[in-house]
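K.L.:
Pasting a structure below so you can have a look.
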Amino acid sequence: MNWFAHAPASGEVRLRLLCFPYAGGSATVFRGWEAAVPDGVEVLAARLPGRADRWREEPFTDLDLLVDALAEPVSRYVDEPFAFFGHSMGALISFELARRLRRDHGREPAYLFVASCNPPLADVPMPVLASLDDEGLRAKLADLGLADDVLAEEELMEVMLPLVRADLHIADGYVDRDGEPLSCPMTAFRGRRDPMVDEADMAQWARGTTGPFALRSVEGAHLFDDPGWRDVLTAVSDELDSALLRKEA
């Protein structure tokens, strides 16, 4: 099973960017990113079970089991420098996966990008959302910035709500049991209208690394607006360009 959708690099591969979506999201969230990143960056978007062409498979509801399943396929891509980008649920996945790669292979990402996610803390559990009923979950998704036209598609929402609820179990009540920070550079992105993760929350992601840390606010709520995504892509591209220059220095 291929766990990643590939967008080939322009020219020789110099760095791989592995991307992990928010709850209910799929690899299509990152479609077109290859046009925005520097030459030589290969974009790989996670194809998680329960969505898109893997819709017949049961989605994971346990973070440890999902990281176990991802560890081997991801290890195939760390022969070149690599970076992770994770949005909401994907941020937590990418953080724990980076720790697993360090433990098993002695490798960390050249850069870790996290977006719209409460920080991994030992003393503050992440919010519990999967127990919301359908009405409550629809309201929460509206608050978080899911488009009105998507919310209005009843057939789509009938499929989407169970997947979102399954994905929410990944982070529900999470506490950081490891406590050992990474050492790679990290940038955290937050939507200015995000009702769930405020600026102070996102700033605490700095505790997840001993390396350089930056916090950026962009347009949008938990799910960014188009201008917000453009700002995210610009920042990601700039940081990867710098990472490549450091590698080649």
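K.L.:
How about the stretch 1-23: which of its residues are open to solvent by 40 Å² or more (accessible area, probe 1.4 Å) and aromatic (Phe, Trp, Tyr)?
P.N.:
22, the sole residue that qualifies.
K.L.:
On to the next question. Scan the stretch 20-31 for residues that are touching a helix residue (DSSP H, G or I) at 6+ places or on another chain (Cβ under 9 Å) and over 14 Å from residue 73 (Cβ atoms) and report the count. Give the steps one after another, and end with the answer.
P.N.:
First pass over the stretch 20-31, keeping only residues touching a helix residue (DSSP H, G or I) at 6+ places or on another chain (Cβ under 9 Å): 20-29.
Those still in the list that are over 14 Å from residue 73 (Cβ atoms) too: 21-26, 28-29.
Adding up the residues that qualify gives 8.
K.L.:
Go through the stretch 79-105 and give me each residue that's farther than 23 Å from residue 223 by Cβ, open to solvent by less than 10 Å² (accessible area, probe 1.4 Å) and not in a strand (DSSP E or B). It would help to see each step written out before you state the result.
P.N.:
Filtering the stretch 79-105 down to residues farther than 23 Å from residue 223 by Cβ leaves 79-82, 98-105.
Remaining after also requiring open to solvent by less than 10 Å² (accessible area, probe 1.4 Å): 82, 98, 101.
Hits for the stretch 79-105 are 98, 101.
K.L.:
Could you tell me whether the stretch 24-33 includes any residue that is under 16 Å from the mean Cα position of the chain (by Cα), crowded, with 18+ Cβ neighbours inside 10 Å and of a type in the set (Lys, Arg)? Even if it seems obvious, please write down each step before you answer.
P.N.:
Narrowing the stretch 24-33 to residues under 16 Å from the mean Cα position of the chain (by Cα): 24-31, 33.
Filter once more, keeping what is crowded, with 18+ Cβ neighbours inside 10 Å: 24-27, 29-30, 33.
Those left that are additionally of a type in the set (Lys, Arg): none.
No: the stretch 24-33 contains no residue that is under 16 Å from the mean Cα position of the chain (by Cα), crowded, with 18+ Cβ neighbours inside 10 Å and of a type in the set (Lys, Arg).
K.L.:
Have a look at 178, 148, 143 and point out the one that is touching a His at 6+ places or on another chain (Cβ under 9 Å) and either more than 30 Å from residue 98 (Cα to Cα) or open to solvent by 50 Å² or more (accessible area, probe 1.4 Å) (or both).
P.N.:
Values: 178 fails: touching a His at 6+ places or on another chain (Cβ under 9 Å); 148 fails: touching a His at 6+ places or on another chain (Cβ under 9 Å).
Going through 178, 148, 143 in turn, just one is touching a His at 6+ places or on another chain (Cβ under 9 Å) and either more than 30 Å from residue 98 (Cα to Cα) or open to solvent by 50 Å² or more (accessible area, probe 1.4 Å) (or both): 143.
K.L.:
Please work out which one of (1) of a type outside the set (Lys, Arg); (2) free of Cβ contacts under 8 Å to residues at least 40 places away in the same chain; (3) open to solvent by 10 Å² or more (accessible area, probe 1.4 Å) is the condition residue 108 fails and give its number.
P.N.:
Condition not satisfied by residue 108: (2).
K.L.:
Checking the condition crowded, with 21+ Cβ neighbours inside 10 Å and either of a type in the set (D, E, K, R) or in contact (Cβ under 8 Å) with a residue 60 or more places away in the chain (or both), which residue from 183, 116 passes? Let's see the steps before the verdict.
P.N.:
Numbers: 183 fails: crowded, with 21+ Cβ neighbours inside 10 Å.
Result of the check over 183, 116: 116.
K.L.:
Something else: Could you please find all residues in the stretch 124-134 being of a type outside the set (Val, Ile, Thr) and either at pLDDT below 85 or assigned to a loop (DSSP other than H, G, I, E, B) (or both)?
P.N.:
Our first condition is that a residue be of a type outside the set (Val, Ile, Thr); within the stretch 124-134, this holds for 125-127, 129-134.
Correct list: 125, 126, 127, 129, 130, 131, 132, 133.
K.L.:
Of the residues that make up the stretch 100-117, is at least one modelled with pLDDT under 95 and on the phi > 0 side of the Ramachandran plot?
P.N.:
Yes, there is a match, as at least one residue in the stretch 100-117 is modelled with pLDDT under 95 and on the phi > 0 side of the Ramachandran plot.
K.L.:
List, please: which pairs have Cβ atoms under 6 Å, are six or more places apart or on different chains, and start with a residue in the stretch 28-42 that is free of Cβ contacts under 8 Å to residues at least 60 places away in the same chain and end with one that is in a strand (DSSP E or B) and surrounded by 13 or more Cβ atoms within 10 Å (Cβ to Cβ)?
P.N.:
30/19; 30/45; 34/7; 34/43; 42/16
K.L.:
Out of the residues in the stretch 135-151 that are under 20 Å from residue 220 (Cα atoms) and among the small types (Gly, Ala, Ser), which is farthest from the chain's Cα centre (by Cα)? Even if it seems obvious, please write down each step before you answer.
P.N.:
Going residue by residue through the stretch 135-151, those that are under 20 Å from residue 220 (Cα atoms) are 137-151.
Adding the requirement that they be among the small types (Gly, Ala, Ser) leaves 139, 142, 145, 147.
Details: 139: 22, 142: 20, 145: 17, 147: 19 Å.
Result: 139.
K.L.:
Could I ask something else about it? When you go through (1) of a type outside the set (A, V, I, L, M, F, W, C); (2) free of Cβ contacts under 8 Å to residues at least 60 places away in the same chain; (3) over 17 Å from residue 100 (Cα atoms) one by one for residue 51, which number turns out not to apply?
P.N.:
(2)
K.L.:
Here is a follow-up. Just name the residue that is farthest from residue 125 (Cα to Cα) out of those in the stretch 187-226 that are open to solvent by 60 Å² or more (accessible area, probe 1.4 Å) and touching a residue at least 60 places away in the same chain (Cβ under 8 Å).
P.N.:
207
The values are calculated or read from the model by the stated rules, or taken from the named source; none is laboratory data. The structure presented is a predicted model; accordingly, all values stated were derived computationally and were not measured. Because the Cβ atoms are built from the backbone with ideal geometry, glycine has one as well, and the counts that use them run over all protein chains shown. We work out accessible area using only protein heavy atoms, side chains counted, and drop any ligands, DNA or RNA first. Shrake-Rupley method; radii C 1.70, N 1.55, O 1.52, S 1.80 Å.
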